[in-house]
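Notes follow the structure.
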Amino acid sequence: DRQTLVAVLQFLRRSNLRESEEILRREARLLGDDLGGSVATVATSSPGVAAVAAVPPGKGEARGDCGVRPSCRREPRKVGSPCAARSLGISRCCWDTRVGAVVVEDQPDVSAVLSAYNQQGDPTLYEEYYSGLKHFIECSLDCHRAELSQLFYPLFVHMYLELVYNQHESEAKSFFDRFHGDQECYYQDDLRVLSSLTKKEHMKGNETMLDFRTSKFVLRISRDSYQLLKRHLQEKQNNQIWNIVQEHLYIDIFDGMPRSKQQIDAMVGSLAGEAKREANKAKVFFGLLKEPEFDVPLDDEDEEGENEEGKPKKKKPKKDNVGSKSKKQDPNAPPQNRIPLPELKDSDKLDKVMNMKEAARRVRLGPECLPSICFYTFLNAYQGLTAVDITDDSSMIVGGFADSTVRVWSVTPKKLRSVKTAADLSLIDKESDDVLERIMDEKTASELKILYGHSGPVYGTSFSPDRNYLLSCSEDGTVRLWSLQTFTCLVGYKGHNYPVWDTQFSPYGYYFVSGGHDRVARLWATDHYQPLRIFAGHLADVTCTRFHPNSNYIATGSADRTIRLWDVLNGNCVRIFTGHKGPIHSLAFSPNGRFLATGATDGRVLLWDIGHGLMVGELKGHTDTIYALRFSRDGEILASGSMDNTVRLWDAVKAFEDLETDDFTTATGHINLPENSQDLLLGTYMTKSTPVVHLHFTRRNLLLAAGAYSSQ
């Protein structure tokens, strides 16, 4: 509309963007003298940035990155401009007001966002509009009803906020009271926050409000259902609702059969609706990297010593297997040098050899052969156990606690020892064969080491693959790197300004990821103070993080009820998975890299095909938050641990066989989940009163579980 155009032109003139102003005026056929005093109506929002976000995307108009016409893209981007914010990879429009923009009292993005609520209809008719649409949808054919019902929630929120913003408080309260009970149960928490926004002032600086406004709510609807809706709104001349649909919702239209209620329910529930289908189209290299080749001395003397009967000949064919396995290149794997990975040290090679020897004795699991489970219970953990990790070789276990300590235990007879002091080290013969043994100080040997340094509860811990380092992250906003040679803190990484909920080392070491309350995940390298990548896009806390087995991708789970997969190389988001009805608290990649399992507060485990970007399974059974997920070493079994005090084992082979991933399913998201996930449940194991917070399969497929006994 003309008023908004004028406001944008004035903004461009104030910002000295003459060229953009000229282009926009030519397109809109506005003359120079039309910039008269018609700007008073936009004065409600803060100066400068306000009107930029308020340009409504007109019908059939090409839109730029942030709803402004493409002409704004031709101008060199300034740091303070919203498009620059987008080009820097920041998905939420929160550009820096300190550089090159007008410094204003209020956050400019809030005002920009709110100014879109200026267009207002008759407040007394809002209930009538909404109930009219509700009646129309409920009376439409079954096949359309399920799809169009998705409109109820976003329309309800936007109409309520529009009433509040325009200070029709009593109408807003009446509207909320009348219709909030009709919304789906999984939006209850969001509605609770919404009900506290009763005055225009409350909306300034409110995060939930901003999330809803800056990220268009995505609905996936078939073309038939969309045409039906459009025809109805145009016949009724219900402009208020049509404006909201046009301006605040993103309708992802597909050709084909409308989806059933069951198919829609499986996919919806996140803070911003479903993912756009485009979001999951990018190619993902989910294959594994080729293992480096080196001789595996499986038939040397020490093997004979270990093997009481001394039958090295039996081991020989295994050696060929290992060699031949590493020669094949996975067709779905990324190029070996796509991201720089650390060189293998001699100690790493030794460890790989040990790993292969252990693998030769690994138990093949399956429905007929379930793993034994060894449970580590933390007793008298009055410090409040908040995080657990176990080394890959299952020799050490670490606990992060609410009293800000990190405690490391040895779970083998070998005690934890520190390196000797510098003076003692200088006396050692560096050429001796057992120099690595001699540098350790026997006087320091103990089963437990306590690491002090954090100033708040420790929410995440992670051992490095070579067992030389340990990461911990805390409510104090830092991630700390500890040496397991000296049991001291080496570095404190400061990048997050708020609590850091999770951190994890890459399977190759060197890189690690952290995620926190500031809604972003950060990729770090141990030798850099600053993060290498910042992954921004989630609309709420990043609650859990996981590296893909090939280290080229990172999965993050969030309180916005979505899971995102990020490309380490360029920082792009390559997958968005929606379907959980509560914050995500656990992630696990299958050993072959093809699948991802996720667990949340809704007690469901969802299974995803990474290559096709589709949900392929749903495992129901837990009755509380799932905090731990782990695939067995060969990927046959998925173990899940929950706050309901149980460990459950699922048949992963059966869950992933005969997947329907044809082109139509991929294109439209018509997923068909198996009716009964109980067929996949292989066993449920109760603890007396211990919530399960961590699971780990040893190299021989023994399942280790951990948690703190709770007396309640």
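Just a few scattered comments:
- Sub-7 Å Cβ pairs linking a first residue in segment 177-201 that is under 16 Å from Leu163 (Cα atoms) to a second residue that is among the aromatic types (Phe, Trp, Tyr) and surrounded by 15 or more Cβ atoms within 10 Å (Cβ to Cβ), at least 6 apart or interchain, are Phe179/Tyr130; Phe179/Phe156; Leu194/Tyr160; Ser195/Phe176; Lys200/Tyr165, ordered by first then second residue.
- Residues in segment 150-174 that are β-branched (Val, Ile, Thr) and either open to solvent by 50 Å² or more (accessible area, probe 1.4 Å) or modelled with pLDDT of 85 or more (or both): Val157 only.
- Where a residue in segment 494-507 is free of Cβ contacts under 8 Å to residues at least 24 places away in the same chain and among the aromatic types (Phe, Trp, Tyr) and its partner, wherever it lies, is open to solvent by 40 Å² or more (accessible area, probe 1.4 Å) and assigned to a loop (DSSP other than H, G, I, E, B), with Cβ under 7 Å and at least six apart: Tyr498/His517
- Subset of segment 638-656 [among the aliphatic types (A, V, I, L, M) and assigned to a helix (DSSP H, G or I)]: Ala652, Val653, Ala655
- Those strands (runs of 3 or more DSSP E) lying entirely in segment 366-431 with at least 3 residues closer than 23 Å to Val479 by Cβ and modelled with pLDDT of 90 or more: 385-390, 396-401, 406-410
- Among the strands (runs of 3 or more DSSP E) confined to segment 448-501, the ones with at least 1 residues that are open to solvent by 10 Å² or more (accessible area, probe 1.4 Å) and of a type in the set (D, E, K, R) are located at 448-451, 478-483, 488-494.
- Taken together, the residues in segment 414-443 that are hydroxyl-bearing (Ser, Thr, Tyr) and under 18 Å from Ser483 (Cβ atoms) amount to 2.
- The condition (being under 25 Å from Phe656 (Cα atoms) and among the small types (Gly, Ala, Ser)) is satisfied by just one residue among Gly537, Gly557, Gly477, Gly516: Gly557.
- You will find that of Lys319, Lys345, Lys315, Lys325, the residue that is within 27 Å of Asn468 (Cβ to Cβ), surrounded by 10 or more Cβ atoms within 10 Å (Cβ to Cβ) and at pLDDT below 90 is Lys345 and no other.
- Tyr250 open to solvent by less than 50 Å² (accessible area, probe 1.4 Å) and assigned by the TED database to the domain that holds Phe136: no
- Counted residues, segment 402-440 - those being among the hydroxyl-bearing types (Ser, Thr, Tyr), open to solvent by 60 Å² or more (accessible area, probe 1.4 Å) and touching a strand residue (DSSP E or B) at 6+ places or on another chain (Cβ under 8 Å): 1
- One residue stands out in segment 137-146 among those that are part of a helix (DSSP H, G or I) and under 37 Å from the mean Cα position of the chain (by Cα): the one that is nearest to Gln234 (Cα to Cα), namely Ile137.
- Options Gly635, Gly599, Gly593: the member that is open to solvent by less than 10 Å² (accessible area, probe 1.4 Å) and part of a loop (DSSP other than H, G, I, E, B): Gly593
- Each residue in segment 506-517 was checked for being open to solvent by 10 Å² or more (accessible area, probe 1.4 Å) and either part of a strand (DSSP E or B) or within 14 Å of Ala555 (Cβ to Cβ) (or both), and 2 pass.
- Gly477 being in contact with a strand residue (DSSP E or B) (Cβ under 9 Å, 6 or more places away or on another chain) and on the phi > 0 side of the Ramachandran plot: yes
- Matching residues, segment 175-226, being among the charged types (D, E, K, R) and at pLDDT 85 or above: Asp177, Arg178, Arg192, Arg220, Arg223, Asp224
The values are calculated or read from the model by the stated rules, or taken from the named source; none is laboratory data. The shown structure was predicted, so the numbers you read here are calculated from the model rather than taken from an experiment. So basically every Cβ, Gly included, is an ideal-geometry build from the backbone, and we count neighbours across all protein chains shown. Note: accessible area is taken over every heavy atom of the protein model, side chains too, but ligands, DNA and RNA are not part of it. Shrake-Rupley method; radii C 1.70, N 1.55, O 1.52, S 1.80 Å.
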